[in-house]
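A.B. asks: Before I ask anything, let me first share the structure, which is written out below as structure tokens.
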Amino acid sequence: MDNRTTNEPALDLEALIGPLTELVAHAGAAILAVDRVAMSIDGKADGSPVTEADLAADRVIAEGLARLFPDIPTLSEERLHLACPPYPGHLFLIDPLDGTKEFVAGRHEFTVNIALVVGGVPVLGIVGAPDLGLIWRGLVGRGAERLEVGRGLRIASATPIRTRAMPCAGAPWIAAVSRSHGDARTEALIDARPGAVRMPLGSALKLCRVAEGGADLYPRLAPTCEWDIAAGQAVVVAAGGIVTDSLGAPLHYGGKRADFIVPEFIAWGDREAAARA
């Protein structure tokens, strides 16, 4: 993996959306082609699982990006050993199968995530949920949409999406929360808002629910990895929301931290509510 500098030429970001959407759809198909009952499952150094499906999706994405965009460096969760941080310019940040635990458990809540990061900021994100037949995609400054994927990976419909305003005082609001990971700080933040309704979900689907107005926020005040949330952040921001740390500061991607860890974040559907928090 080769780094690039901030002197890279400007990209036609809109022209990237179609090819990247197709790549996410094909990676999703590769995941669904794997027999979950018979597949091999290995453990990583951090104890998280990696399956044949993770590796199959990663191969599809790696080959596709090398063919389509050979001059843009890539960083995948499954090829972390090849990383050469930091990445000050353009970077594709990839999680080929986000929610491996959900996938292994036989649930539908796993995604394929591809983000384009420019100068440390996710500007374009594609999140595919192959078992649900859905893809969310967003280009910051241009909007976001949800796609339904039909037979033969054909896009059956496209619906523009927007985040929603935080409910008025006294009305219940919805917090998307992890089905597989919990932490005391996040629970305390939610408990401090009486009447909050928790929406447990796996993978980047939590960010997608915020982006389409199905949840008001998604707090995670515990560490996660850049590839888990970069694509979802781009979709949320493109749909009108914002993603910050607990103090309201922006997140930075591309290996400013050598371990690619995001210490904490909150995704807000309502920017004004985030400013008042």
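The values are calculated or read from the model by the stated rules, or taken from the named source; none is laboratory data. On a predicted model such as this, the values are computed, not experimentally measured, just so you know. Quick reminder, even Gly has a Cβ in these numbers, built from the backbone with ideal geometry, and neighbours come from all protein chains shown.
A.B. asks: Has segment 89-101 got at least one residue that is under 15 Å from the mean Cα position of the chain (by Cα), part of a helix (DSSP H, G or I) and either closer than 23 Å to VAL149 by Cβ or at pLDDT below 90 (or both)? Can you show your working first?
C.D. replies: As a first pass, look at segment 89-101 and keep what is under 15 Å from the mean Cα position of the chain (by Cα): 91-100.
Okay, now just the ones that are also part of a helix (DSSP H, G or I), so 100.
After this cut, where a residue has to be either closer than 23 Å to VAL149 by Cβ or at pLDDT below 90 (or both) as well, the list is 100.
Yes, that holds for at least one residue.
A.B. asks: Would you mind finding the one in ALA115, ALA129, ALA169 that is of a type outside the set (D, E, K, R) and without any contact (Cβ under 8 Å) to a residue 12 or more places away in the chain? Reasoning before the result, please.
C.D. replies: Working: ALA115 fails: without any contact (Cβ under 8 Å) to a residue 12 or more places away in the chain; ALA129 fails: without any contact (Cβ under 8 Å) to a residue 12 or more places away in the chain.
Testing whether each residue is of a type outside the set (D, E, K, R) and without any contact (Cβ under 8 Å) to a residue 12 or more places away in the chain leaves just ALA169.
A.B. asks: Since ALA239 meets every condition but one in (1) closer than 23 Å to LEU20 by Cα; (2) within 13 Å of the chain's Cα centre (by Cα); (3) not acidic (Asp, Glu), which condition does it not meet?
C.D. replies: With (1) closer than 23 Å to LEU20 by Cα; (2) within 13 Å of the chain's Cα centre (by Cα); (3) not acidic (Asp, Glu) applied to ALA239, the lone miss is (2).
A.B. asks: Going through segment 246-277 one residue at a time, which ones are acidic (Asp, Glu), modelled with pLDDT of 95 or more and over 16 Å from the mean Cα position of the chain (by Cα)? Write out each step before concluding.
C.D. replies: First, the residues of segment 246-277 that are acidic (Asp, Glu): 259, 264, 270, 272.
Then keep just the ones that are modelled with pLDDT of 95 or more; that gives 264, 270.
Residue satisfying the conditions is ASP270 alone.
A.B. asks: Being buried (at least 16 other Cβ atoms within 10 Å of the Cβ) and either modelled with pLDDT of 95 or more or in the same structural domain as ILE31 (by TED's automatic domain parsing) (or both) is the requirement here; does GLU148 meet it?
C.D. replies: Working: buried (at least 16 other Cβ atoms within 10 Å of the Cβ): no; either modelled with pLDDT of 95 or more or in the same structural domain as ILE31 (by TED's automatic domain parsing) (or both): yes.
No, not satisfied.
A.B. asks: Consider only pairs whose beta carbons are under 8 Å apart and that are at least six residues apart or on different chains; among these, list those whose first residue lies in segment 1-22 and is modelled with pLDDT under 80 and whose second residue is in a loop (DSSP other than H, G, I, E, B) and of a type in the set (A, V, I, L, M).
C.D. replies: Here the result reads MET1/ALA83; ARG4/ILE72, each pair linking segment 1-22 to a residue that is in a loop (DSSP other than H, G, I, E, B) and of a type in the set (A, V, I, L, M).
A.B. asks: Inspect segment 171-188 for any residue being in the same structural domain as VAL235 (by TED's automatic domain parsing), farther than 19 Å from THR111 by Cβ, β-branched (Val, Ile, Thr) and over 20 Å from the mean Cα position of the chain (by Cα) and give the result as yes or no.
C.D. replies: There is no residue in segment 171-188 that is in the same structural domain as VAL235 (by TED's automatic domain parsing), farther than 19 Å from THR111 by Cβ, β-branched (Val, Ile, Thr) and over 20 Å from the mean Cα position of the chain (by Cα).
A.B. asks: Tally the residues that are β-branched (Val, Ile, Thr) and either part of a loop (DSSP other than H, G, I, E, B) or loosely packed, with under 14 Cβ neighbours inside 10 Å (or both), restricting the search to segment 162-196.
C.D. replies: Of segment 162-196, the ones β-branched (Val, Ile, Thr) are 163, 174, 177, 186, 190.
Pick out the ones that are also either part of a loop (DSSP other than H, G, I, E, B) or loosely packed, with under 14 Cβ neighbours inside 10 Å (or both) and you get 163.
So the answer is 1.
A.B. asks: Taking the condition of being assigned to a strand (DSSP E or B), of a type in the set (A, V, I, L, M) and free of Cβ contacts under 8 Å to residues at least 60 places away in the same chain, how many residues in segment 197-219 meet it? Steps first, answer last, please.
C.D. replies: Kept after step one, since they are assigned to a strand (DSSP E or B), are these residues of segment 197-219: 197-201, 217-219.
Next, only the ones that are of a type in the set (A, V, I, L, M) stay: 197, 199, 201, 217.
Subset that is free of Cβ contacts under 8 Å to residues at least 60 places away in the same chain: 197, 199, 217.
Of the residues in segment 197-219, 3 are assigned to a strand (DSSP E or B), of a type in the set (A, V, I, L, M) and free of Cβ contacts under 8 Å to residues at least 60 places away in the same chain.
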